[in-house]
Amino acid sequence: MSPTLAVESAKQSVIPYSHPATTDKLLSLLEHEDLEGKRFLDLGAGNGYLSWKLHDFLEVRGHNPVGMITACDLYPEKFNFDKISCMYADFSDRVPLDDESFDYVFSMEVIEHVPNQLHLIRELYRLVRPGGKMFLTTPNVLNLNSRIRSLFTGTMPMFDILPIEDNGVTGVDGHIGPISLYYLYFFAKLTGFRTIDFHIDRSKKSATFFSPLFYAASQVCRIFHDRRRRNLPYWEENKSAARALNQWQTFVGRTIIIEATK
């Protein structure tokens, strides 16, 4: 097999665990960053799809990705991108990496799998250098599809009843902790991140089609609640995140992306 075919074969074995649009959006957020000499951590690397795409993203821009990217996962044996090694890490414990080692830390579709979500965000904060960024993604439990299903069934898409046996959760995708963008904001601010921005990877067609009526009703409710909240002593520090709960992109977005700067 020629070297080119070998590389293509290796890449074909790297299967994304989440939608490729989420990875594309993450990389687009790096377009205007100064990446020279920076270090990246793919925390919860899975099969290696993000590491592969990040490797190519850096290479195309004239950087040498070798030594720039570190990957870790609870199941490193599943990592299939052969240009980067993947180390073992249990995200319910301390990640075996030094404090403030990375300029950019990616935690893609991980937080919904861990029982202690605040601990995970504290670890992300610990690993990021001052001035560096953390990017975290998770299914958007506040899009219209999730709101309607939760109203009528008590569960949300990608978050259903689970097997009680410890070894059975992985077989149903391991989604044990739905978390909305406000609580992501709260945990990130509580941990110490200075600024936090919200993004979505793409709009869901079904949510976009049915959202206008519900979105209008939500704005009426938001105005009512904001009038009550204005008297809270902690309203100003929460205002942007509270209002983001009922923004249009929250109603239609498939995946929530948190961009937090230390």
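How large is log10 of I(q)/I(0) for the chain at q = 0.11, 0.14 Å⁻¹ when the intensity is taken from the Debye formula with one equal scatterer per alpha-carbon?
-0.65, -1.03
Based on other C-beta atoms within 10 Å, arrange 158, 68 from fewest to most. List each step's numbers first, then the result.
Numbers: 158 16, 68 21.
Ranking 158, 68 by Cβ neighbours within 10 Å, fewest first, gives 158, 68.
Could you give each residue of segment 59-64 its phi-based ³J(HN,Hα) in whole Hz, using Karplus coefficients 6.51, -1.76, 1.60 with θ = phi - 60°, and x for Gly or Pro?
Listing the rounded values in order: 5, 4, 8, x, 9, 9 Hz.
Give me 195, 22, 137, 208 sorted ascending by neighbouring Cβ count inside 10 Å, so fewest comes first. Before the final figure, lay out the partial values.
On the way: 195 11, 22 25, 137 28, 208 15.
Listing 195, 22, 137, 208 from fewest to most nearby Cβ atoms yields 195, 208, 22, 137.
For segment 176-262, what size does the Cα cloud have along each of its three principal axes, sorted from largest down, in whole Å?
Computed over the Cα atoms, the extents are 38, 29, 24 Å.
Quick one: which residues, 5+ away or cross-chain, put their amide H under 5 Å from the amide H of residue 256? H built at 1.01 Å from N.
For residue 256, whose amide H was placed from the backbone, the distant partners under 5 Å are 138, 140.
Taking the number of other C-beta atoms within 10 Å as the exposure measure, put 25, 205, 78 in order starting with the fewest. Mind showing how you got there, number by number?
On the way: 25 18, 205 10, 78 14.
Least crowded to most crowded, the residues run 205, 78, 25.
List, in the order given, every pair from 53/262; 25/83; 204/262; 38/239; 25/262; 38/83 whose Cα-Cα distance in the structure shown is over 28 Å.
On the way: 53/262 24 Å; 25/83 23 Å; 204/262 31 Å; 38/239 33 Å; 25/262 21 Å; 38/83 18 Å.
Exceeds cut-off: 204/262; 38/239.
Show me, bin by bin at 5 Å from 0, the whole-percent P(r) of segment 13-137 based on Cα pairs.
P(r) for segment 13-137, in whole percents per bin: 2, 12, 23, 26, 23, 12, 3, 0.
In debye, nearest 20: dipole of segment 161-262 around its Cα centre with unit charges on the Cβ of K, R (+) and D, E (-)? Spell out each step's value before the answer.
Values: 14 positive and 9 negative charges, 127 e Å.
So the dipole magnitude of segment 161-262 works out to roughly 620 debye.
Please state, to two decimals, what the Cα-based radius of gyration of segment 24-71 comes to when divided by 2.2 N^0.38 Å (N = residues).
Numbers: Rg = 10.1 Å, N = 48, 2.2 N^0.38 = 9.6 Å.
Dividing the Cα radius of gyration by 2.2 N^0.38 Å gives 1.05.
Just so you know, all these numbers are worked out from the coordinates, no wet-lab data involved. For clarity, every value in this text was computed on a predicted model and none was experimentally measured. Cβ sites come from the backbone with ideal geometry, for glycine too, and all protein chains shown count toward neighbours.
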